[in-house]
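The structure appears right after this line, and notes come after that.
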């Protein structure tokens, strides 16, 4: 089953990604610098959030959604602070 994950990089930035099945292997590949992208020059990385999805399309949609989020909203998700996450979503829409 697919996973959506967030890594905290050495510089404090966040990387959101998708693992089709083996989350541990995917994180290890980032840590080893296998991907020539965001995490390659920002190691070490630490897994700070992961969520498994029953369908690949659900995981892909969630990954894309999270990538557009603010740092504050990502941190609320990482902390699983659902009230803060809702508040940030309302503020973004100008409703609160």
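What follows draws every value from the coordinates through simple rules; no lab data is involved. Note that this is a predicted model, so its numbers are computed, not measured.
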Over all distinct Cα pairs, what is the inverse of the mean 1/r for segment 3-68, reported as the Kirkwood hydrodynamic radius in Å? 11.8 Å
Of the DSSP beta bridges with both residues in the chain, give the percent that are antiparallel, rounding to the nearest 5. 100 percent
Report, to the nearest 10°, how far helix 82-92 tilts away from the longest principal axis of the Cα atoms in the chain, using its own Cα long axis and a range of 0 to 90°. 70 degrees
If one takes the longest principal axis of the Cα atoms in the chain, at what angle in degrees, from 0 to 90 and to the nearest 10, does the Cα axis of helix 56-67 lie? 70 degrees
